[in-house]
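Okay, so here's the structure we're looking at.
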Amino acid sequence: MSSDDNKIKKEGLTNLEFSFKYSVPIESVVSNSSKKLNKNLKELSNIVLNDDQKTILKAYHDLNLLIVKEKEIHIHEEVRKLNFLFWIKDKLHNLNFQFIEENLYSEDSHKIITKNYISTAKKNINLLDIKSYKISNFGLYMAIILLNKAYISKGYIYIEKIDKLLYENLRKNLLEFNVDLKKLLINESLSIYRFNTLKDCEKLKTIISEYLLEIPTLNEKFFSKSVISSVTKKLVFDSAHFITDHNGKCKNLHGGRYNIEISIKDRIDPLTGFVIDYSLIKNITKNLVINKFDHKTLNLTCTELAWRSSTEFLAIVIWEILVEYLPSISKIKIFETETSFCEFKGSSLEEFQKNGPSEILNYFKNLSRNDENKKDLNIAG
C-alpha cells in the first residue's frame, strides 16, 4: 500500500475527492489504490421503513433517479454533493445501502470517469409500494426535489428537467401551502418551473426550514452567501425592418444582422461553480428570441415593434421576454453594425410582475377610437 493510500484512508476521502484536494490526476490515484469492486449486497427480509425513509425513496422514484440495474438499485450523486449522498445512506441504514466509487476508463475522453453511488439489492425495496406511497412529510420530499432539480436566480427558485406528472403533483401539494409553482414554456417539449413570486420562495423556505441545516448542501446551495460574478452569452439573428416616419434611408425595408449579448449577474452556486449554465441562456434565448425574430420582418412580429422597430425598442421587447426566465439578467447589448449598438437594462422581475410591460411600447397596442371618431377623421370602418 502506498503512502497516498494511507492518506486517503486516514482522511476518509474518495479517490476523486483526494485528487481534487491535492491536485493530482485521478488516474494516478486510482492506479495506486484501486481495487476490484466487491459488492456485498445482502437481500434482507422483513424490512420495515419509516415515513421519512419512504418519503426519500418516493422523491427519488418520482425524479426517475432511483436507478434499477439488474439485481441492484442505485442512487447516484455528484462528487461535490457526496455529503448529501452519505446523509441519504445513513437515513436508509436498514436497507443495507453500500457506497460505491466506480472508476471506468472512457475511450471518448481518454480519461477515467468516476461514478459515486449507493447500492442495495433490488429485492430490498418494494418499488410498487414506493410508487403508490402518499407523502406524509412534504418538507423532506420537497428538499430532495430541490437539491436534485432546482436552482436559484436573483432570489427566485426554479425547477427544471421534471416530467409533467411530477409538476402537476408538486403544484397540487404546494397550493395547499398557498404557494404558486408557475410553468414557463421554452418550446413545445421543454419547460422550466418558477416559484412565481419572491413571497412564494419565502414560503417554500418555510416548508423546508426543518431540513436547511440538517441536510448537507441544502442551505449552501440556495441561501448561503457567495461571490457575485457576471457572465455573458452572445447570439446572432438576421432580420428585416423599416422605420415609419423616418427621413433617412431606414424608412425603406432593409435587412441586417443583429448580434446580441445577454449578461447575467448573480451569486456563484457553490455546488456547481456556475452563475448559470451557458446552455440554459442559449436554450431560452434561442427558443424565445432568436426563433421569434430570425429571418422575419421585425415590424410584423409583434405590435410593440410595428411602428418603431428600432434597436432601442427591440432591446426592451427582448428584456421583457427574458426577465421571466432569467431574473438575474443585468444587461442586454444589441449590435446593429460593428460601430452601432444599443445597451439596455430594464426593470427587475419583481418590478415587472408589479408594474407590467413598459408603457413606451404600448401606445398603439392600447390605442382605440370609437365609430363616431372614425367618421370625424374620415377613417374607413
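Readers should treat all values here as calculations from the given coordinates under stated rules, not as data from a laboratory. Please read all numbers here as calculations on a predicted model, not as lab measurements. Cβ: placed from backbone, ideal geometry, glycine included. Neighbour counts: every protein chain shown.
For the reader, a short list of remarks on this structure follows.
- Residues of type lysines that LYS164 reaches as a straight line, Cα spacing below 17 Å, ignoring anything fewer than 8 places off in the same chain: LYS58, LYS131, LYS149, LYS172, LYS182, LYS183
- Rounded to the nearest 10 degrees, the angle from helix 311-322 to the longest Cα principal axis of the chain is 30 degrees.
- Sequence-ordered 3J(HN,Hα) estimates for the range 73-89 from the Karplus curve with 6.51, -1.76 and 1.60 and θ = phi - 60° stand at 10, 10, 10, 9, 8, 6, 5, 6, 10, 5, 4, 5, 5, 5, 5, 4, 4 Hz, glycine and proline given as x.
- Crossing angle, helix 164-175 versus the chain [Cα axis fit, 0-90 degrees, rounded to tens]: 90
- For LEU166, net neighbour charge (Lys/Arg +1, Asp/Glu -1) across residues whose Cβ lies under 13 Å away: +4
- Candidate cross-link partners of LYS69 among the aspartates and glutamates, defined by an alpha-carbon separation under 18 Å and a same-chain spacing of 8 or more, comprise GLU43, GLU77, GLU101, GLU102.
- Principal-axis tilt of helix 138-149 within the chain, Cα atoms, nearest 10 degrees: 70
- Volume of the convex hull of the chain (Cα atoms only), normalised per residue: 203 Å³.
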